[in-house]
1. Within the set of pairs 6+ apart or on separate chains, which have a first residue in the stretch 105-132 that is farther than 16 Å from Asp26 by Cβ, a second that is at pLDDT below 85 and not in a helix (DSSP H, G or I), and C-beta atoms under 6 Å apart?
2. Looking only at the stretch 118-142, filter to residues that are of a type in the set (A, V, I, L, M) and surrounded by 14 or more Cβ atoms within 10 Å (Cβ to Cβ); which one of those is farthest from Arg43 (Cα to Cα)?
3. Could you grab me the full set of residues in the stretch 84-103 that are without any contact (Cβ under 8 Å) to a residue 40 or more places away in the chain and surrounded by 17 or more Cβ atoms within 10 Å (Cβ to Cβ)?
4. Just give me the residues in the stretch 70-118 being polar (S, T, N, Q), at pLDDT 85 or above and within 21 Å of Val130 (Cβ to Cβ), in sequence order.
5. So, of the residues in the stretch 29-66 that are under 18 Å from Leu96 (Cβ atoms) and among the polar types (S, T, N, Q), which turns out to be most open to solvent (accessible area, probe 1.4 Å)?
6. Could you tell me which residue of the stretch 67-83 is farthest from Val41 (Cα to Cα), considering only residues that are open to solvent by 30 Å² or more (accessible area, probe 1.4 Å) and part of a helix (DSSP H, G or I)?
7. Note down all Cβ pairs under 7 Å where the first residue falls in the stretch 50-61 and is at positive phi, the second is part of a loop (DSSP other than H, G, I, E, B), and they're at least six residues apart or on different chains.
Amino acid sequence: MSTDDRACRLSVRNKGKNYCLNILDDYLEFQTGKFPWGTDVTRIRYQDIREIVAHKGLNPLSSGTLTVLGGGGATIHVTSVRPSHLDMAVELIEELRSKHRNVPTDAGASIPQQIKQLADLKDAGLLSEVEFQSKKTELLGRM
């Protein structure tokens, strides 16, 4: 599924640095490399965000950096962000993070159903193979 198929709340692009940060409804997506081919993509779901670090430049017109640390060692590091974009991005990420933190989980789902849901997330590109296997092992250990 391409980024265009999902609701994109904010896109921070820097063609000179060859990156694009897409703030989507369900997760952050960071693309680096030559667009649209040869890109590396990192995705972090909002409920997996451990820390958000924003550094503004020395003066109000200086660009800043945004670092988002996710579970499983996933990291998004965005450089040369305009101050207005930095403030807007942090505010929106925090809002979506809070929204996803308060979503009730399906506690009534059986372990096989939860594994199926995880497989669906992996197939959609929201979980890596390592994250999927880790959570699957954890769930199977509860049986």
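The values are calculated or read from the model by the stated rules, or taken from the named source; none is laboratory data. Note that the structure is predicted; figures quoted are calculated from it, not measured. All Cβ positions, even for glycine, are placed from backbone atoms using ideal geometry, and neighbour counts span all protein chains on display. SASA here: full protein model, heavy atoms, side chains in, ligands and nucleic acids out. Shrake-Rupley method; radii C 1.70, N 1.55, O 1.52, S 1.80 Å.
1. If the second residue must be at pLDDT below 85 and not in a helix (DSSP H, G or I), the pairs left are Ile111/Met143.
2. Taking the stretch 118-142 and keeping what is of a type in the set (A, V, I, L, M), we get 118-119, 121, 124, 126-127, 130, 139-140.
Filter again for surrounded by 14 or more Cβ atoms within 10 Å (Cβ to Cβ), leaving 118, 121, 126-127, 139.
Numbers: Leu118: 15, Leu121: 12, Leu126: 7, Leu127: 8, Leu139: 23 Å.
Ranking the candidates gives Leu139 first.
3. Let us first name the residues in the stretch 84-103 that are without any contact (Cβ under 8 Å) to a residue 40 or more places away in the chain, namely 84, 86-87, 90-91, 95, 98, 102.
Passing the criteria: Leu86, Val90.
4. If the condition is that a residue be polar (S, T, N, Q), at pLDDT 85 or above and within 21 Å of Val130 (Cβ to Cβ), then Thr75, Gln117 are the ones that fit.
5. Taking the stretch 29-66 and keeping what is under 18 Å from Leu96 (Cβ atoms), we get 29-30, 42-54, 66.
Okay, now just the ones that are also among the polar types (S, T, N, Q), so 42, 47.
On the way: Thr42: 43, Gln47: 94 Å².
Here the residue is Gln47.
6. First pass over the stretch 67-83, keeping only residues open to solvent by 30 Å² or more (accessible area, probe 1.4 Å): 69, 72-73, 75, 77, 79-80, 82-83.
Remaining after also requiring part of a helix (DSSP H, G or I): 72-73, 83.
Details: Gly72: 15, Gly73: 14, Pro83: 24 Å.
Here the answer is Pro83.
7. Between residues of the stretch 50-61 that are at positive phi and residues that are part of a loop (DSSP other than H, G, I, E, B), there is no close pair.
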